[in-house]
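Student: Input: one structure, supplied below.
The values are calculated or read from the model by the stated rules, or taken from the named source; none is laboratory data. Just so we're clear, the structure is a prediction, and the values are computed from it rather than from any experiment. Cβ: placed from backbone, ideal geometry, glycine included. Neighbour counts: every protein chain shown. We work out accessible area using only protein heavy atoms, side chains counted, and drop any ligands, DNA or RNA first. Shrake-Rupley method; radii C 1.70, N 1.55, O 1.52, S 1.80 Å.
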Amino acid sequence: DAGITQSPRHKVTETGTPVTLRCHQTENHRYMYWYRQDPGHGLRLIHYSYGVKDTDKGEVSDGYSVSRSKTEDFLLTLESATSSQTSVYFCAARKGQGTGELFFGEGSRLTVL
Amino acid sequence: KQEVTQIPAALSVPEGENLVLNCSFTDSAIYNLQWFRQDPGKGLTSLLLIQSSQREQTSGRLNASLDKSSGRSTLYIAASQPGDSATYLCAVDNTDKLIFGTGTRLQVFP
């Protein structure tokens with residue numbers, strides 16, 4: 001058990017509405033990541049965090065923001081959802097940089113109508 | 001910019017065959033390389049982690065090798081079983097984030 005839970009697991013929303021996905025981990029991992037997975041594109045990094053209040057952008061960060069106020073929680077927010085943000089979102093976490101094994105949550109499927 | 005490629009994109013084999021899945025990357029300055037398995041509708045499960053100083057790692061019927069100088073890794077699956085059917089992804093770690101390949105979808109039929 002990787003100790004990573006995502007909520008909600010499924011969400012349908014309308015264009016223009018804000019959406020927040022939550023990732024919770026119980027293993028005291030320092031690094032946390034949000035990826036999206038789309039057919040033909042594989043897994044692409046949205047944002048990541050290397051500590052409480054320390055975050056940085058990934059390759060597809062436009063339209064997304066993140067926050068990490070506690071070690072165990074990493075939130076991904078879509079300020080105004082668009083249909084192009086329909087995807088499966090995965091949270092991942094690991095203890096350290098460069099050596100740590102990466103653990104994943106089960107994913108959150110988001111549909112923007 | 002690091003790019004990761006996996007070949008083949010899909011593979012269908014009869015049970016019992018030995019398999020080789022390939023992963024190539026463009027920047028050899030990596031910390032480590034990980035192989036993952038993903039079942040449909042599920043998250044990714046880590047299979048093997050190879051540090052940059054290592055040449056290979058083994059776990060049961062799985063063996064992964066790493067050749068940094070040529071930018072290549074292979075995942076060898078011995079005596080494949082229907083339960084091995086899944087998508088296999090490799091990911092390289094050369095800063096503080098991992099870059100993923102698009103995966104190889106494997107089907108093993110009885």
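Quick grid of which residues meet (1) farther than 11 Å from B:Cys90 by Cβ; (2) charged (D, E, K, R):
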| position | (1), (2) |
| --- | --- |
| B:Ala29 | yes, no |
| B:Leu33 | no, no |
| B:Phe36 | no, no |
| B:Asp39 | yes, yes |
| B:Thr45 | yes, no |
| B:Gln51 | yes, no |
| B:Arg55 | yes, yes |
| B:Ser65 | yes, no |
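Student: Right, another one. Go through the range B:1-90 and tell me which strands (runs of 3 or more DSSP E), entirely inside it, have 2 or more residues that are more than 14 Å from every other protein chain (Cβ to nearest Cβ) and open to solvent by 20 Å² or more (accessible area, probe 1.4 Å).
Tutor: Where strands (runs of 3 or more DSSP E) fall fully within the range B:1-90 and carry at least 2 residues being more than 14 Å from every other protein chain (Cβ to nearest Cβ) and open to solvent by 20 Å² or more (accessible area, probe 1.4 Å), they are B:10-14, B:19-25, B:56-59, B:62-67, B:72-77.
Student: Next up: Consider A:Thr5 carefully, then state whether it is in contact with a strand residue (DSSP E or B) (Cβ under 8 Å, 6 or more places away or on another chain), farther than 28 Å from B:Trp35 by Cα and modelled with pLDDT of 95 or more.
Tutor: no
Student: With respect to B:Val108, determine if the residue is at pLDDT below 95, outside any loop (DSSP other than H, G, I, E, B) and hydrophobic (A, V, I, L, M, F, W, C).
Tutor: Numbers: at pLDDT below 95: no; outside any loop (DSSP other than H, G, I, E, B): yes; hydrophobic (A, V, I, L, M, F, W, C): yes.
In short, no.
Student: What do you reckon, is A:Ala81 touching a residue at least 60 places away in the same chain (Cβ under 8 Å), in contact with a strand residue (DSSP E or B) (Cβ under 8 Å, 6 or more places away or on another chain), open to solvent by less than 30 Å² (accessible area, probe 1.4 Å) and more than 28 Å from B:Asn32 (Cα to Cα)?
Tutor: yes
Student: Inside chain A, counting only strands (runs of 3 or more DSSP E) that do not spill past its ends, which hold 1 or more residues that are more than 9 Å from chain B (Cβ to nearest Cβ) and within 26 Å of B:Gly101 (Cβ to Cβ)? Can you show your working first?
Tutor: Working: elements: A:4-7, A:10-13, A:19-25, A:31-38, A:42-51, A:54-57, A:64-70, A:73-78, A:87-94, A:108-112.
Fully inside chain A and qualifying: A:19-25, A:31-38, A:42-51, A:54-57, A:64-70, A:73-78, A:87-94, A:108-112.
Student: Checking A:Tyr89 against (1) over 10 Å from the mean Cα position of the chain (by Cα); (2) of a type outside the set (Lys, Arg); (3) closer than 21 Å to B:Arg37 by Cα, only one condition comes out false. Which one?
Tutor: Looking at each condition in turn, A:Tyr89 falls short on (1).
Student: From the list A:Gly63, A:Gly100, A:Gly96, which one is surrounded by fewer than 16 Cβ atoms within 10 Å (Cβ to Cβ) and modelled with pLDDT under 95?
Tutor: It is A:Gly96.
Student: Provide a single number: the residues in the range B:53-99 that are in contact with an Asp or Glu (Cβ under 9 Å, 6 or more places away or on another chain) and of a type in the set (Gly, Ala, Ser).
Tutor: Final tally of qualifying residues: 8.
Student: Across the range B:91-110, what is the number of residues that are β-branched (Val, Ile, Thr) and open to solvent by less than 10 Å² (accessible area, probe 1.4 Å)?
Tutor: Residues meeting the conditions: 3.
Student: Oh, and also: Report, ordered by the first and then the second residue, all pairs with beta carbons closer than 7 Å, sequence separation of six or more or different chains, a first member in the range B:27-46 that is under 12 Å from B:Leu62 (Cβ atoms) and at pLDDT below 95, and a second member that is of a type outside the set (D, E, K, R) and open to solvent by 50 Å² or more (accessible area, probe 1.4 Å).
Tutor: Close Cβ pairs (under 7 Å, with a partner that is of a type outside the set (D, E, K, R) and open to solvent by 50 Å² or more (accessible area, probe 1.4 Å)) amount to B:Ser46/A:Phe103.
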